[in-house]
Amino acid sequence: MSVWVDIVGQADAVAVLQHAIEEPEAMTHAWLLTGPPGSGRSTAARAFAAALQCAEGGCGTCHACRTALAGAHPDVSLVATEHVYLRVEEVRPLVTLAQQRPTMGRWRVIVVEDADRLNDTSGNLLLKAIEEPPPRTVWLLCAPSPDDVLITIRSRCRHVGLRVPPFEDVAALLVRRHGVDPAVAAFAARAADSHIGLARRLALDEGARIRRREILRLPAQLSSVGAAVMAAGQLVEVAAEESKSATVERDAAERAHLLHALGADAAGTLPPPIRAQVRALEENQKRRATRAQRDVLDRSLIDLMSLYRDVLMVQLAAPVASTNAEMSAEIDRMATVSGPETTLRRMEAIGLARERIGANVAPLLAVEALMVTLAWEPRASAERRAG
Ligand SMILES: [Zn+2]
């Protein structure tokens, strides 16, 4: 069982990383691992970190491999931020850490999972550390694409790009790692567009499957402007619920942990200095919740987009496999009552809503505008005559 076994559909990238392990002259101190969300960037970074620490180059079974893969190796630091930007306070300790020799491993490895979130200030600080690396330090920076990383940093790194893994590979991973039924695995891989984390959630969590189905049923309910506004409310609420179910437990645990660390009693009245710290934690959690809700909402819009893409493929009689095969009756109906121009216009509206939400427009406003656009039905006969 090598450390690379779960890096699915990335033979080229794995070959480059393995080569660097085997040939000292192919090794370098700063790597940039890019790939679309869900392609397995951070998993690949951990596997590389493990292979660097392993005396066998990544056997997958020794202590070094197992601790590095689990994020528990003392010389492998994993850094991710919950903030919109990686802040100077988060980067400064890494710069110091990079100067230290590994305590027990072969390398000091620092994995920055959100290198796209470096801003000018924190990026410049990191750049200094990358420019003057001690001999046993390796930086692994991860980002969706090279364009998302400051050019000064990017130019110091060796770039390795991951691609979207094929559906079949993602489905096979779900079957192998999680014992998922092959049919469910195939559905989940396709519905998640090969996003490994989402596919896993869809395969293992029935609640996630139900929520997705609810969202895909919304277009059928858009009979009037009033219905569109209701649908918007429903979509935003489902997103809020889903992100809440993901964070509420962790928030409570963090709070309890902080109180315990400060020696405070959760039930009693908190002295002012402790209250301030708890408030700071809560502010952080609120920011994280907002980000999580936007991420979930964005995912819902991608799901909706997949439905209209299926409709368009039927309208164009394109020989492409449907993402939402289980909804083929509804997709056929939608394809008959409107034309491809309308479908394209709707897909553009979804793209616009995603952009607006990404630019911090209030989610409900952006989704309401979207739903009203989706609800607007030109007279199908007129469009067909024109087309
Ligand atoms: Zn090993």
Q.
Can you find, within segment 21-51, the residue that is farthest from the ligand (Cβ to nearest atom) among those that are without any contact (Cβ under 8 Å) to a residue 60 or more places away in the chain and surrounded by 20 or more Cβ atoms within 10 Å (Cβ to Cβ)?
A. ALA47
Q. How many residues are within 16 Å of the ligand (Cβ to nearest atom) and open to solvent by 60 Å² or more (accessible area, probe 1.4 Å) if we restrict to segment 8-20?
A. 1
Q) Taking the condition open to solvent by 40 Å² or more (accessible area, probe 1.4 Å) and β-branched (Val, Ile, Thr), does VAL314 pass? A) yes
Q. Of all residues in segment 11-51 being of a type in the set (Ser, Thr, Tyr) and under 21 Å from the mean Cα position of the chain (by Cα), which is modelled with the lowest pLDDT?
A. SER42
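For (1) within 30 Å of GLU326 (Cβ to Cβ); (2) open to solvent by 50 Å² or more (accessible area, probe 1.4 Å), each residue gets a yes or a no:
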{"position": "ALA256", "(1), (2)": "no, yes"}
{"position": "LEU259", "(1), (2)": "no, no"}
{"position": "ASP265", "(1), (2)": "no, yes"}
{"position": "LEU270", "(1), (2)": "no, no"}
{"position": "PRO273", "(1), (2)": "no, yes"}
{"position": "GLU283", "(1), (2)": "no, yes"}
{"position": "GLN293", "(1), (2)": "yes, yes"}
{"position": "VAL296", "(1), (2)": "yes, no"}
Q. Got at least one residue in segment 191-214 being touching a residue at least 24 places away in the same chain (Cβ under 8 Å) and under 18 Å from LEU374 (Cβ atoms)?
A. yes
Q) In segment 1-52, how many are of a type in the set (Ser, Thr, Tyr) and farther than 21 Å from SER155 by Cα? A) 3
Q) Which residues, counting only those in segment 235-251, are open to solvent by less than 60 Å² (accessible area, probe 1.4 Å) and over 13 Å from ARG288 (Cα atoms)? A) LEU235, VAL236, VAL238, ALA239, GLU242
Q: Those residues that are at pLDDT below 95, within 16 Å of the ligand (Cβ to nearest atom) and assigned to a loop (DSSP other than H, G, I, E, B), I need them from segment 68-101; list them, please.
A: ALA70, GLY71, ALA72, HIS73, PRO74
(Q) Condition check: under 18 Å from the mean Cα position of the chain (by Cα), in a helix (DSSP H, G or I) and buried (at least 17 other Cβ atoms within 10 Å of the Cβ). Does ARG287 satisfy that? (A) no
Q | Top-ranked residue of segment 242-274 - restricted to ones that are part of a helix (DSSP H, G or I) and among the polar types (S, T, N, Q), ranked as farthest from ARG212 (Cα to Cα) | A | THR247
Q: Restricting attention to helices (runs of 4 or more DSSP H) lying wholly within segment 113-227, give those where 1 or more residues are surrounded by 21 or more Cβ atoms within 10 Å (Cβ to Cβ) and either touching a Pro at 6+ places or on another chain (Cβ under 8 Å) or at positive phi (or both).
A: 167-178, 196-204
Q) Any idea which of CYS59, CYS54, CYS65 is open to solvent by 30 Å² or more (accessible area, probe 1.4 Å), modelled with pLDDT of 90 or more and within 16 Å of the ligand (Cβ to nearest atom)? A) CYS59
Q | Cβ-Cβ under 6 Å pairs, at least 6 apart or on other chains, segment 53-66 side free of Cβ contacts under 8 Å to residues at least 40 places away in the same chain and assigned to a loop (DSSP other than H, G, I, E, B), far side surrounded by 14 or more Cβ atoms within 10 Å (Cβ to Cβ) and not polar (S, T, N, Q) | A | GLY57/ILE21; GLY57/ALA51; CYS62/CYS54
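The values are calculated or read from the model by the stated rules, or taken from the named source; none is laboratory data. Being a predicted model, the structure only gives us computed values, none of them experimental. Glycine also receives a Cβ, built like all others from the backbone with ideal geometry; neighbour counts cover every protein chain displayed. In case anyone asks, the SASA skips ligands and DNA or RNA and just uses the protein heavy atoms, side chains included. Shrake-Rupley method; radii C 1.70, N 1.55, O 1.52, S 1.80 Å.
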